[in-house]
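Here's a structure for you.
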Amino acid sequence: MLLVLKENITQEQKELLKRTLTDQNCITREIRDMGKDVIGVIGKITKDIDYFKKMDGIADVVPISTPFKFVSREFKKEDTKVKVGDVVVGGDRIVIMAGPCAVETLEQCMSIAKSVRQYGGVLFRGGAYKPRSSPYSFQGLEEEGLKILAKVREETGLGVVTEMTSPVQADLMMQYVDVVQIGARNMQNFELLKCVGKMGKPVLLKRGLASTIQEWLMSAEYIVSEGNENVILCERGIRTFEPSTRNTLDLSAIPVLKKLTHLPIIIDPSHATGMREKVSPMARAAIAAGADGLMIEVHNDPDNALSDGPQSLYPEQFGKLTRDLYVIAPVVGKQLDFDYLKKSETMKKSNGNGAGTATFIGALGTYSHIASMQYFGDDIKPLPKETFRDIFKAVDSGDAEYGVIPLENSLSGSIHENYDLLQEYDLKIIGEIKIRIEHSLIAQKGATKESITKVLSPPPALSQCKHYLDQHPDYEQIIAKATASAVKTVSESDDLTLAAIGSSMAADIFKMTIIDKGIEDNPRNYTRFAIISKNPETPAKGTKSSIIFSTINKPGALFGVMKVFSDHEINLVKLESRPIAGKPWKYMFYADLETNIEDDKSKQVVKVIEEKTDYYRVLGVY
Ligand code: PEP
Ligand code: MN
């Protein structure tokens, strides 16, 4: 059962409540969920629900109907985010853990780990204790293997994941690794589950070879009931009658689990399929289905691997896969961040009053806020501003370390004001992020499509949902400043005739109900945001550059600049002109190039640009 506490509960009332529960030998867990303090209670309670309902300081009592309690969505509505060092499993950035089936040698692990990090992996996997079907197969390097993993972490910065097969390994695991894996064969080894529950380290719990989702969640409950909430579920295929693949990958477990539990879920397509060529298609499908991450076997020499070679990807295949995932993730509102670990390292080094702060337009829950969370992760401090100029000012003055500004939308084009501000302020673009703009119709709990008569949103959002609104001609359209402020206005009234168009994140923030999701006319609605900063990394290590220039007043000057890009095979991905303020009929050109314009190889190119222009500035290399 779930006790929802009143906001004004006194210390005495809380003490009395706790005493009542401990007297009855209950297991209790206090959490904060959806802005409320909640106590989960498990055990044989002799007092009935009404007894608790009548107690002072209690707002509501809700029974939990599922046999698994602490892991259930009924207990906690918000998603659990499991932290592994700087990596968050269950957030907006998908987490890729990859590496060999078994740790073989330090050289093998280092070689694979470097590729894993280069291609976007953020955790390294490798087994040191291998539960093999045959006692004559390689059983793992044991402690020696754990030491190799610890060395990999030290050298590459990748946290390490490894399987624990017995409680006797607990001390070694505590010493050497970041995530302990419970293998499929041990999913119902209850002593082992209790042991990792007590250890407190993040646990990756694989689904048993022939276990139901309920049995799997009951195993997770063993771990959480010991006080360890850091559980990541991993679907790795189950036994069915189908012999074409090693196991049958149950991707439907993803949406099923998302409903039943708040724990993050990752997919292991390697053990599920058992065949290299089938790993990437299933990995892509898993991300499209909403998985929080993937565990993938990668080997530098699969033909000679001591375990699971045939299902291990070559490093380059893994690289190709992550490029595909980079494209797929935004469709489902997530990101694959190739700079994930690098960003955390930079953010840890920063100091000053604006450190770790990102400023953006509007209010909490705007698409700019979503972009900042997807770019930096959950720990970034939000600083909403009224205008784009305020954002530039805040970054320039140091009030915020970063600014997140929209530059262009795939349907409505460039946001010119920001191009002009980039010209005016001496700040640098240090990164970019593209997010999908998916609009929802949001209203108060209890509202229906029929009760709604007015829809609030800013003009671009209203026009992007024209087809949907055309189907509801009786809805009066009311202009709001921003999507999030429209949602806020609706949340502040208890009027069931009001609705807003905005992001599902805004609906979450303001605790509102989504009436319809994906109501934009064109689903290919993406916005590209630039991340601006006053203190870029020098020398910049990126592969893309944004520059601005104005050409000298001579025939063919612009052509001359374009020609040098063509001569040096530099791909020009964007070219835009803007009038220069105070100089009628003179233009500033903005160009995005697929090269690092500040590295030594570009010196010749820059020399030509400088000859052909009377103004030239690099806005950023990222
Ligand atoms: C593994 O990850 O190497 C492994 C043995 O997995 P599973 O327990 O899913 O078979
Ligand atoms: Mn394996």
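Order these peptides, 53-60, 306-313, 475-482, by their mean beta-carbon neighbour count within 10 angstrom, highest first. Each step should come with its number before you reach the end.
Values: 53-60: 14.0, 306-313: 20.8, 475-482: 16.4.
Per-residue mean Cβ counts within 10 Å order the peptides as 306-313, 475-482, 53-60.
Which residue, ILE266, VAL161, PHE241, has the largest displacement toward the positive end of the dipole of region 137-287 when charges sit on each Cβ (Lys, Arg +1; Asp, Glu -1)?
Working it through, the farthest residue towards the positive pole turns out to be PHE241.
A further question follows. Pop out the ³J(HN,Hα) list for region 10-21 in order, Karplus 6.51 cos²θ - 1.76 cosθ + 1.60 with θ = phi - 60°, rounded to Hz; leave Gly and Pro as x.
Those phi angles translate into 8, 4, 5, 4, 5, 4, 4, 4, 5, 4, 4, 6 Hz.
Solvent-accessible area per residue for region 86-332 at a 1.4 Å probe radius, Å²?
Values: 9010 Å² over 247 residues.
Using a 1.4 Å probe on heavy atoms only, each residue of region 86-332 averages 36 Å².
Still on this model: In percent, how large is the relative contact order of the chain, given Cα pairs closer than 8 Å and 6 or more residues apart? Could you put the intermediate results ahead of the total?
Working: 1334 pairs, mean separation 59.8, N = 622.
It rounds to 10 percent for the chain.
Can you give me the relative contact order of region 440-517 as a percent, contacts being Cα pairs under 8 Å and 6 or more apart? Before the final figure, lay out each step's value.
On the way: 149 pairs, mean separation 39.5, N = 78.
Once normalised by length, the contact order is 51 percent.
Further question: Going by average Cβ neighbours within 10 Å, how do the peptides 90-97, 512-519 rank, with the highest at the top? Intermediate results must be reported in sequence, preceding the final value.
Numbers: 90-97: 24.4, 512-519: 16.4.
The most tightly packed comes first, giving 90-97, 512-519.
Further question: Identify, among MET34, ILE58, ILE45, the residue whose Cα sits farthest towards the positive end of the charge dipole of region 2-62, taking +1 on the Cβ of Lys and Arg and -1 on the Cβ of Asp and Glu, with the dipole about the Cα centre.
Of the listed residues, the answer is ILE45.
From the square roots a ≥ b ≥ c of the eigenvalues of the alpha-carbon gyration tensor of region 503-575, which class results: rounded (a/c under 1.5), prolate (a/b over b/c), or oblate?
Numbers: a/c = 3.38, a/b = 2.15, b/c = 1.57.
Taking the square roots of the gyration eigenvalues as a ≥ b ≥ c, region 503-575 is prolate.
Enumerate the calculated ³J(HN,Hα) couplings along region 363-372 in order (Karplus 6.51 cos²θ - 1.76 cosθ + 1.60, θ = phi - 60°), each rounded to whole Hz, writing x wherever the residue is Gly or Pro.
9, 4, x, 6, 5, 5, 5, 4, 4, 5
Hey, another quick one. To the nearest 20 Debye, how big is the dipole of region 545-621 about its Cα centre, given +1 on the beta carbon of each Lys and Arg and -1 on that of each Asp and Glu?
About 400 debye.
Would you work out what percent of the accessible area of region 440-517, with all protein chains in place, is carbon or sulfur (probe 1.4 Å)?
Numbers: 2030 of 3770 Å².
C and S fraction of accessible area: 54 percent.
Right, here's the next one. Checking the a/c ratio against 1.5 first, then a/b against b/c, what shape does the Cα gyration tensor give for the chain? Each step should come with its number before you reach the end.
Working: a/c = 2.05, a/b = 1.24, b/c = 1.65.
Cα axes put the chain in the oblate bin.
Highest mean first, how do 566-577, 202-213, 416-427 rank when packing is the count of other Cβ atoms within 10 Å averaged over residues?
Working: 566-577: 12.8, 202-213: 21.1, 416-427: 17.4.
Ranked from most to least packed, the peptides come out as 202-213, 416-427, 566-577.
Could you tell me how far the Cα centroid of region 511-581 sits from the Cα centroid of region 190-219, in Å?
48 Å
Another question about this same structure. Hey, can you grab everything whose amide H is under 5 Å from the amide H of GLY159? Only 5+ residues off in sequence or another chain; H modelled, so Pro and N-termini drop out.
PHE124
Given the -39500 (n - 2.57) contribution per DSSP H run of 4+ residues, what per-residue ellipticity at 222 nm results for the chain, rounded to the nearest 500 deg cm²/dmol? Write out the running numbers ahead of the final one.
Values: 21 runs with 202 residues, N = 622.
Per the formula, -9500 deg cm²/dmol.
Roughly what percent of Cα-Cα pairs across region 2-62 reach past 18 Å? Mind dumping the intermediate values first?
On the way: 448 of 1830 pairs.
Considering region 2-62, 24 percent of its Cα-Cα pairs are separated by more than 18 Å.
Tell me which of ILE452, THR497, SER485 sits at the most positive position along the dipole axis of region 440-517, charges placed on C-beta atoms (Lys, Arg +1; Asp, Glu -1).
SER485
Spelling out what I want: for every residue of region 426-431, take phi, set θ = phi - 60°, compute 6.51 cos²θ - 1.76 cosθ + 1.60 (Karplus), and round to whole Hz; glycine and proline get x.
Ordered by residue, 3J(HN,Hα) equals 8, 10, 10, 7, 10, x Hz.
Still on this structure: Charges at C-beta only: +1 for Lys and Arg, -1 for Asp and Glu. How large is the resulting dipole of region 380-449 about its Cα centre, in Debye rounded to 20?
Values: 9 positive and 12 negative charges, 116 e Å.
Taking the Cα centre of region 380-449 as origin, the dipole is about 560 debye.
Cross-chain or 8 or more residues apart, Cα under 16 Å: how many lysine pairs in region 545-621 fit that? Count them up, please.
Close lysine pairs found across region 545-621: 9.
On a 19 Å Cα-Cα criterion, which of the cross-link pairs LYS334/LYS511; LYS343/LYS544; LYS6/LYS54; LYS83/LYS342; LYS114/LYS151; LYS77/LYS445 come out too long?
Details: LYS334/LYS511 21 Å; LYS343/LYS544 17 Å; LYS6/LYS54 12 Å; LYS83/LYS342 17 Å; LYS114/LYS151 13 Å; LYS77/LYS445 16 Å.
As for pairs spanning more than 19 Å Cα to Cα, those are LYS334/LYS511.
Using the alpha carbon gyration tensor of region 371-492, what are the three equivalent-ellipsoid semi-axes (square root of 5 times each eigenvalue), largest first, in whole Å? Please report the intermediate quantities before stating the final value.
Working: eigenvalues 203, 55, 35 Å².
Three semi-axes, in Å: 32, 17, 13.
While we're on this one: Output the antiparallel fraction of DSSP beta bridges having both residues in the chain, as a percent to the nearest 5.
Numbers: 64 of 106 bridges.
The antiparallel proportion sits near 60 percent.
A follow-up question, please. Around ALA305, which amide H atoms from residues at least 5 apart in sequence, or from another chain, sit under 5 Å from its own amide H, with H modelled in the peptide plane?
Distant-sequence amide H within range of ALA305: zero hits.
Treating only the Cβ atoms of Lys and Arg (+1) and Asp and Glu (-1) as charged, compute the dipole magnitude of region 213-321 about its Cα centre; round to the nearest 20 debye.
Working: 9 positive and 15 negative charges, 78 e Å.
It comes to approximately 380 debye.
Oh, and also: Label region 86-332 by shape, choosing from rounded, prolate and oblate, from the square roots a ≥ b ≥ c of the eigenvalues of the Cα gyration tensor; if a/c is under 1.5 it is rounded, and otherwise prolate applies when a/b is larger than b/c, oblate when it is not.
Values: a/c = 1.25, a/b = 1.02, b/c = 1.22.
Verdict is rounded for region 86-332.
I've got another one for you. So what's region 545-621 giving for Cα Rg divided by 2.2 N^0.38 Å, two decimals? Display every interim value, and only then the final one.
Numbers: Rg = 11.9 Å, N = 77, 2.2 N^0.38 = 11.5 Å.
With N residues counted in region 545-621, Rg over 2.2 N^0.38 Å equals 1.04.
Would you mind checking the pairs LYS81/LYS381; LYS488/LYS517; LYS320/LYS517 and listing those with alpha carbons more than 25 angstrom apart? Before the final figure, lay out each step's value.
On the way: LYS81/LYS381 17 Å; LYS488/LYS517 18 Å; LYS320/LYS517 32 Å.
Violating the 25 Å limit, Cα to Cα: LYS320/LYS517.
Relative contact order of region 409-552: what whole-number percent is it, with Cα pairs under 8 angstrom and at least 6 residues apart?
Values: 242 pairs, mean separation 58.0, N = 144.
Value for region 409-552: 40 percent.
Scan around TYR526 for amide H atoms under 5 Å from its own, H built in the peptide plane at 1.01 Å from N, and keep only partners 5 or more places away or cross-chain.
Here SER410, LEU411, ILE437 satisfy the definition.
The values are calculated or read from the model by the stated rules, or taken from the named source; none is laboratory data. Predicted, not measured: the structure shown is a model, and the values here were computed from it. As a convention, Cβ positions derive from the backbone with ideal geometry for all residues, glycine included, and neighbour counts pool all protein chains shown. All accessible areas refer to the heavy atoms of the entire protein, side chains included, with ligands and DNA or RNA removed. Shrake-Rupley method; radii C 1.70, N 1.55, O 1.52, S 1.80 Å.
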